[in-house]
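Engineer: Can you keep this structure in mind? I'll have questions shortly.
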Amino acid sequence: MSDTYTHPLDAPDADPTQVAEQAAADIARLTGVDHHDIAVTLGSGWGRAADLIGETVAEIPATEVTGFSKPALSGHTGAIKSILTPAGKRVLIIGARTHFYEGHGVRRVVHSVRTAAATGAKIMVLTNGAGGIRETWHPGQPVLISDHINLTASSPLEGATFVDLTDLYSSRLRGVALAIDPELDEGVYVQFRGPHYETPAEVQMAKTIGGHIVGMSTALEAIAAREAGMEILGFSLITNLAAGIQDTPLSHAEVLEAGQEAEPVISALLAKVIDRL
Ligand code: 8IG
């Protein structure tokens with residue numbers, strides 16, 4: 001054995017599905033819950049939702065689970081929780097995500113999603129904080145993701161894996177959310193690599209090609225979730241209007257502030273939606 005630490009997903013003979021199965025076994029052992037029905041990734045602004053979804057049965061640091069990395073971002077808790085809903089469903093909460101811009105490769109970006117699938121979850125709820133292109137939107141507003149445009153020039157799929165992405169963001173699940181809040185708006189999520197925000201010209205491009213939301217996560221995760229056979233529900237919290245749509249510069253502080261203000265409202269919404277899934 002070399003004494004240089006190699007991440008399990010970077011080993012030359014690593015099989016991402018097998019690493020995810022190991023991670024799921026870690027979660028079962030550490031939480032005492034051997035199966036989850038629904039998985040939820042909590043992005044910026046969504047962190048409180050876990051408390052409203054149900055009873056926290058177990059909470060473990062993500063770093064205890066095979067293949068998970070330390071959260072790179074403030075506003076992400078880094079915990080994995082197992083929650084029991086009043087309806088008796090088991091919900092796996094993923095409080096940290098690895099972003100593509102961290103530069104560790106797309107396998108690590110989607111490892112949490114593959115792990116969620118390996119715990120048995122059939123529904124993947126992906127939430128994020130993002131920029132809004134529609135002028136009618138305001139910071140603090142949650143919107144449903146109806147589709148995406150992946151501008152990362154990457155894919156989590158390896159080899160000749162031709163996965164259908166029609167109805168990627170399940171119209172059935174969006175219907176459940178809309179039944180709870182008929183006012184919810186929907187939009188097409190455009191994933192950029194980041195970590196810089198877009199230029200105003202790039203935002204205009206995103207708008208021209210059919211985008212309404214700009215962000216740095218979710219699209220790659222959704223693709224991996226679909227490959228794993230899960231049904232996907234996506235929510236963006238609009239924390240800022242995209243560059244050039246709002247006339248002031250963007251700041252991470254503004255993003256955190258909009259997230260904090262919106263947190264009680266969007267957390268309650270998410271908890272209600274999950275209760276009906
Ligand atoms: I929060 O305006 C958040 N994340 N790409 N652009 C991109 N990602 C974001 C933005 C934004 N706001």
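The values are calculated or read from the model by the stated rules, or taken from the named source; none is laboratory data. Predicted model only: the values in this text are computed from it and were never measured. Heads up, the Cβs are rebuilt from the backbone with ideal geometry, glycines too, and the neighbour counts pull from every protein chain shown. For accessibility, only protein heavy atoms count, side chains too; no ligands or nucleic acids. Shrake-Rupley method; radii C 1.70, N 1.55, O 1.52, S 1.80 Å.
Engineer: Which residues, counting only those in the range 6-24, are touching a Ser or Thr at 6+ places or on another chain (Cβ under 8 Å) and either free of Cβ contacts under 8 Å to residues at least 24 places away in the same chain or assigned to a helix (DSSP H, G or I) (or both)?
Structural biologist: Scanning the range 6-24 gives VAL19, ALA20, GLN22, ALA23, ALA24.
Engineer: So which residues in the range 229-253 are more than 9 Å from the ligand (Cβ to nearest atom) and in contact with a Ser or Thr (Cβ under 7 Å, 6 or more places away or on another chain)?
Structural biologist: Of everything in the range 229-253, those that are more than 9 Å from the ligand (Cβ to nearest atom) and in contact with a Ser or Thr (Cβ under 7 Å, 6 or more places away or on another chain) turn out to be GLU231, ILE232, LEU233, GLY234, PHE235.
Engineer: Could you identify the single residue in GLY47, GLY43 that is outside any helix (DSSP H, G or I), touching a Ser or Thr at 6+ places or on another chain (Cβ under 6 Å), modelled with pLDDT under 95 and surrounded by 22 or more Cβ atoms within 10 Å (Cβ to Cβ)?
Structural biologist: Result: GLY43 is the single residue among GLY47, GLY43 that is outside any helix (DSSP H, G or I), touching a Ser or Thr at 6+ places or on another chain (Cβ under 6 Å), modelled with pLDDT under 95 and surrounded by 22 or more Cβ atoms within 10 Å (Cβ to Cβ).
Engineer: For the range 70-77, does any single residue satisfy the condition of being at pLDDT 95 or above, under 21 Å from the mean Cα position of the chain (by Cα) and within 23 Å of PRO142 (Cα to Cα)?
Structural biologist: no
Engineer: Can you name the residue in the range 190-209 that is touching a helix residue (DSSP H, G or I) at 6+ places or on another chain (Cβ under 8 Å) and hydrophobic (A, V, I, L, M, F, W, C) and is also nearest to the ligand (Cβ to nearest atom) among such residues? Talk me through it step by step, then tell me what you get.
Structural biologist: Within the range 190-209, the first condition is being touching a helix residue (DSSP H, G or I) at 6+ places or on another chain (Cβ under 8 Å), and the residues that meet it are 190-195, 198.
Next, from what is left, pick out any that are hydrophobic (A, V, I, L, M, F, W, C): 190, 192.
On the way: VAL190: 8, PHE192: 4 Å.
If we take residues in the range 190-209 being touching a helix residue (DSSP H, G or I) at 6+ places or on another chain (Cβ under 8 Å) and hydrophobic (A, V, I, L, M, F, W, C), then PHE192 is nearest to the ligand (Cβ to nearest atom).
Engineer: Right, next: Considering only residues that are in contact (Cβ under 8 Å) with a residue 60 or more places away in the chain and within 16 Å of VAL65 (Cβ to Cβ), look in the range 81-98 and name the one that is surrounded by the most Cβ atoms within 10 Å (Cβ to Cβ).
Structural biologist: Looking at the filtered set, the residue picked out is ARG97.
Engineer: Here's a follow-up. Of these, HIS138, HIS148, which one is open to solvent by 40 Å² or more (accessible area, probe 1.4 Å) and out of contact with any Pro (no Cβ under 6 Å at 6 or more places or on another chain)?
Structural biologist: Answer to the check: HIS138.
Engineer: Follow-up question, since we're still on this one. Are there any strands (runs of 3 or more DSSP E) wholly within the range 56-147 with 2 or more residues that are more than 16 Å from the ligand (Cβ to nearest atom) and small (Gly, Ala, Ser), and if so which?
Structural biologist: 79-84
Engineer: Okay, next question. Quick check on the range 236-277: of everything there that is open to solvent by less than 70 Å² (accessible area, probe 1.4 Å) and either of a type in the set (D, E, K, R) or touching a Cys at 6+ places or on another chain (Cβ under 8 Å) (or both), which residue is modelled with the highest pLDDT?
Structural biologist: Among them, the one singled out is GLU263.
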